Structure formats: structure tokens, C-alpha cells
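One structure is given below, encoded as C-alpha cells.
The values are calculated or read from the model by the stated rules, or taken from the named source; none is laboratory data. Computed from a predicted model, the values in this text were never measured in an experiment. Heads up, the Cβs are rebuilt from the backbone with ideal geometry, glycines too, and the neighbour counts pull from every protein chain shown. Just so you know, the surface numbers come from the protein's heavy atoms only, side chains and all, with ligands and any DNA or RNA stripped out. Shrake-Rupley method; radii C 1.70, N 1.55, O 1.52, S 1.80 Å.
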Amino acid sequence: MLYELIIILLIGIDQLSKVWALKSLKEIESIPVVQNVFHLTYVENRGAAFGMLQNNQTIFIIVALAASIFGLYYLHTKKVNILGKTGIILIISGAIGNLIDRVRLGFVVDYFDFRFIWEYVFNIADVFVVVGTIMLCIYIIFFDEEKQVK
């Protein structure tokens, strides 16, 4: 039950930030925090990461649900260290956070705009998915006991 509570907390943080973006950024579109470096920019993303596969909401909903169900199953049935568990929890939280947007709004609310790095705008759920995936990959490569040579 602890995993589910952490996931709910992280989803809540993501959703609160998106409500703020909808209320505060939608009309003004962009607020420069550091001019030409980091802006808070309102974007309605109807695609996946980097705007790929625009307007394929059904695919994204199915993938998010499948990943979340598998992740929860894995958390409760497999022996995974804290790095792996944290990665899975972050991935599930991000997937569900963006899933809520897709079902409720028909798009995902994005707002972090690091202009000096790339042209893509993202949100907290995206950060959860990326950081969680990196952590899970490190776990699988270096710590997964099933992969270790005996």
C-alpha cells in the first residue's frame, strides 16, 4: 500500500502543477524566468514525447494503463531494490499523471520550456517518466539479480 500512496502523492503534485499552468499560463502563454533560457510556456500536447504521434490518444491511454498495471504487479511480486522500485514508482506516476490529462482534457498540459537545450516543452510527469526510466535501466544493468552471472 505504501507504493500506491507514494504514486498518488506524486500524481497529485503533477496534477496541481498542471492546474496552475492551465489557470496561470493559458492566457499569457509564456513567462520568462530567465530570458531566452528558461520560460514557463503553456502548451497543449496531443502527442507523445517531443510531440510525436499527434492525436493518437487511444494508443497513449492503452500504453499508460498497461505500463502502470505491469509496474504495480512487478512492485508487489518481484524482488527489486530501492533504485528499481523508485524507478518503477516514478514511471507509473508520470504515466498516470499524463493519462489523467489525456482522458480529462484530450491533451497533456506542458509548461517547462528550457530554450537553450531544445525546443520541446514538458511537465513534471514527463520528468518522472524520464528519471524513472534512467533509474530502472541502471537497476536492470547493474543490480538485477536475474541478470547477474552466477
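What the table below lists for this structure:
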item: Test: residue in segment 106-115 that is in a loop (DSSP other than H, G, I, E, B) and open to solvent by 60 Å² or more (accessible area, probe 1.4 Å); result: yes
item: Within segment 123-134, tally of residues that are open to solvent by less than 40 Å² (accessible area, probe 1.4 Å) and of a type outside the set (G, A, S); result: 3
item: First in segment 70-86 and under 10 Å from D144 (Cα atoms), second anywhere and among the aromatic types (F, W, Y) and in a loop (DSSP other than H, G, I, E, B), Cβ under 8 Å, 6 or more apart; result: N81/F143; G84/F143
item: Exclusive hit being within 17 Å of L2 (Cα to Cα), open to solvent by 70 Å² or more (accessible area, probe 1.4 Å) and of a type in the set (A, V, I, L, M), set I69, I62, I141; result: I69
item: Every pair of residues 6+ apart whose Cβ atoms lie under 7 Å, when the first sits in segment 28-42 and is in contact (Cβ under 8 Å) with a residue 60 or more places away in the chain and under 17 Å from V109 (Cα atoms) while the second is open to solvent by 70 Å² or more (accessible area, probe 1.4 Å) and assigned to a strand (DSSP E or B); result: H39/V33; L40/V33
item: M135, sole failed condition from (1) under 30 Å from K26 (Cα atoms); (2) at pLDDT 95 or above; result: (1)
